[in-house]
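Below is one structure, written out as structure tokens, with a few remarks after it.
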Amino acid sequence: MATECTLLTNRDNDRLCLTFLGSWTIHTPLCSTPDIRPLCSPDVKTLCFNTDNLKQWDSRLLIELSRIIDLAISQSIAVDDQGLPPGVRNLLKLTRQTRDQQSTAKKTPRFALLTDIGNQTLRFFKQSHEMLAFTGEILLAYSRLFLGRARFLKKDLFYFLYDCGPQSLPIVTLISFLVGVILAFVGAVQLKMFGADIYIADLVGLGMTREMGAMMAAIILAGRTGAAFAAQLGTMQVNEEIDALRTMGINPMDFLVIPRMTSLVLMMPLLALWADFIGILGGFFIGCLTLDISATLYYEQTVKAITLNHFSVGLIKAVVFGYLVAFCGCLKGMQCGRSASSVGNATTSAVVTAIVFIVIADASFTFLFNIIGV
């Protein structure tokens, strides 16, 4: 049977020493402990402990020590914990650090405007530096590829080509068809007022080839493929597979990033062309079945409205969008931490960052093409 717990107090001038005897565990019957509050007088400067005759201990001892130490600190009494077992000292130190962090967090204003602005500014410059560094690593990786020194599996490249291209067709087809339908309906509401229903073909054709085809395909791939890239590379980071590649002398940029980025950049223009065709087909169905426009007239009007320049604009955007989606997915995956939550954060960040970059790039291209008259 476990020895009962006992707490003795000993006052020596300005030192108060507490002696713990027996077994301080949750299975030991409760013992009566002396009230040390009256002993913590202003002339007491130091609180020390003696555990030479302590048999066993667990969380019960830690709770009692935490209560006593908090009382001593509130009375401005120095605590000398050298008489405690090393394990107890480490646990008490950890507990104290956690409490100090929580108290500091409570004292710090959560919505301090200047603090938030400063933190966000520093975060922006840090992320900008990381993106520039990653861009430089990509350029070096492709220089090694063109020189024939990049090491990666060709079957990985073909797999990602298949995954980014044919595997994405169903969702791209559905979304593009619905976008074409929406453009046709929106245009019909206004153009009917002027008896210009036939110009719905121009609206849908130009809207899909110049803007919506490439953008919708890129946004779909950002949520589908970009997130997958971030999750795959993030999981490899957690499992230390990327570190293993470096240990074997294999550059992760060559082995992991090049196949993914190359496949997405090559497939995006093809998906954009397919999205253009499906979106125009959606507008064709609405124009012919709902607005009583003849199929021949709608076709001729579409061909007359769309030129090679409009397709070129969409294809240029598609290539850039594909690079941005692959860049964000690979960047966030390679920067992932070592926990499961880090993988989720990297995936979310990859999708959000890619969509933001796509919209910014599209707006920039639109402004630029309007200036040069393309």
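Leu183 - would you say it is closer than 30 Å to Gly207 by Cβ, in the same structural domain as Phe229 (by TED's automatic domain parsing) and in contact with a Ser or Thr (Cβ under 7 Å, 6 or more places away or on another chain)?
No: the conditions fail for Leu183.
Name the residue that is surrounded by the fewest Cβ atoms within 10 Å (Cβ to Cβ), counting only residues in the stretch 132-159 that are basic (Lys, Arg) and in contact with a helix residue (DSSP H, G or I) (Cβ under 7 Å, 6 or more places away or on another chain).
The qualifying residue surrounded by the fewest Cβ atoms within 10 Å (Cβ to Cβ) is Arg151.
Taking the conditions exactly as written (over 30 Å from Ser349 (Cβ atoms), crowded, with 23+ Cβ neighbours inside 10 Å, in contact (Cβ under 8 Å) with a residue 60 or more places away in the chain and hydrophobic (A, V, I, L, M, F, W, C)), does Ile293 satisfy them or not?
no
One residue is enough: does the stretch 181-188 have a residue meeting the conditions within 22 Å of Leu308 (Cβ to Cβ) and among the hydrophobic types (A, V, I, L, M, F, W, C)?
Yes, that holds for at least one residue.
Tell me which helices (runs of 4 or more DSSP H) are completely within the stretch 187-268 and hold 3 or more residues being touching a Pro at 6+ places or on another chain (Cβ under 7 Å), or say none if there are none.
The qualifying helices (runs of 4 or more DSSP H) are 241-247.
For the stretch 323-341, what are the residues that are at pLDDT 90 or above and farther than 17 Å from Met253 by Cβ?
Leu324, Val325
Tell me whether the stretch 221-241 contains one or more residues that are surrounded by 20 or more Cβ atoms within 10 Å (Cβ to Cβ), closer than 17 Å to Ala354 by Cα and of a type in the set (Phe, Trp, Tyr).
Scanning the stretch 221-241, I find at least one residue that is surrounded by 20 or more Cβ atoms within 10 Å (Cβ to Cβ), closer than 17 Å to Ala354 by Cα and of a type in the set (Phe, Trp, Tyr), so the answer is yes.
In contact (Cβ under 8 Å) with a residue 60 or more places away in the chain, touching a Leu at 6+ places or on another chain (Cβ under 6 Å) and of a type in the set (Asp, Glu): does that describe Asp254?
The answer is no for Asp254.
Output the residues belonging to the stretch 152-171 that are closer than 16 Å to Leu270 by Cβ and in a loop (DSSP other than H, G, I, E, B).
Within the stretch 152-171, just Gly165 meets the criteria.
Quick check on Ala295: is it at pLDDT below 90, small (Gly, Ala, Ser) and touching a helix residue (DSSP H, G or I) at 6+ places or on another chain (Cβ under 8 Å)?
It is true that Ala295 is at pLDDT below 90, small (Gly, Ala, Ser) and touching a helix residue (DSSP H, G or I) at 6+ places or on another chain (Cβ under 8 Å).
Run down Leu270, Leu245, Leu264 and say which single residue is in contact with a helix residue (DSSP H, G or I) (Cβ under 8 Å, 6 or more places away or on another chain) and touching a residue at least 24 places away in the same chain (Cβ under 8 Å).
After applying the criteria, what remains is Leu264.
Only residues that are of a type in the set (Gly, Ala, Ser) and closer than 11 Å to Lys45 by Cβ: list them for the stretch 74-91, please.
Ser76, Ala78
Out of Leu30, Leu8, Leu65, I need the residue that is of a type outside the set (Phe, Trp, Tyr), modelled with pLDDT under 80 and either assigned by TED's automatic domain parsing to the domain that holds Gly83 or not in a loop (DSSP other than H, G, I, E, B) (or both). Which one?
Answer to the check: Leu30.
Mind listing just one residue for me: the one in the stretch 73-90 that is in a loop (DSSP other than H, G, I, E, B) and of a type outside the set (D, E, K, R) and, of those, surrounded by the fewest Cβ atoms within 10 Å (Cβ to Cβ)?
Gln82
The values are calculated or read from the model by the stated rules, or taken from the named source; none is laboratory data. In this text the structure is predicted, and so the values were computed from the model without any measurement. Backbone-built Cβ (ideal geometry, glycine too); neighbour counts: all protein chains shown.
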